[in-house]
């Protein structure tokens, strides 16, 4: 079963983000990260949980304030404003991965 998450980080450093990307790769998570300190994650195995990701976030970012949301597969919508050209499109991943 596919699961989706929103991760909000209080603040981050480049080295921490690189370590988080390794965590995402190691756990077969797809991600979207166009906005600072905000990550949208998607995984197809259904084996992960918000608390598992929260614990990794806490360890990697070492911040006092972070939050992880697990998003239901039904009844969600989104809308945004940002680059959407052929070469730079912040919505392409969302359209191709978020609800599929």
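The number of residues in the stretch 24-67 being in a strand (DSSP E or B), closer than 19 Å to residue 13 by Cβ and modelled with pLDDT of 95 or more comes to 3. In this structure, does residue 16 turn out to be surrounded by fewer than 11 Cβ atoms within 10 Å (Cβ to Cβ) and either part of a helix (DSSP H, G or I) or at negative phi (or both)? No: the conditions fail for residue 16. Within the stretch 84-98, residues that are in contact (Cβ under 8 Å) with a residue 40 or more places away in the chain sit with their Cβ atoms under 6 Å from residues that are assigned to a loop (DSSP other than H, G, I, E, B) and exposed (fewer than 13 other Cβ atoms within 10 Å of the Cβ), at 6+ positions apart or across chains, in these pairs: 90/82; 90/83.
The values are calculated or read from the model by the stated rules, or taken from the named source; none is laboratory data. Because the structure is a prediction, the values reported are computed rather than measured. A quick note on method: Cβ atoms are made from the backbone with ideal geometry, for glycine too, and the neighbour counts reach across all protein chains shown.
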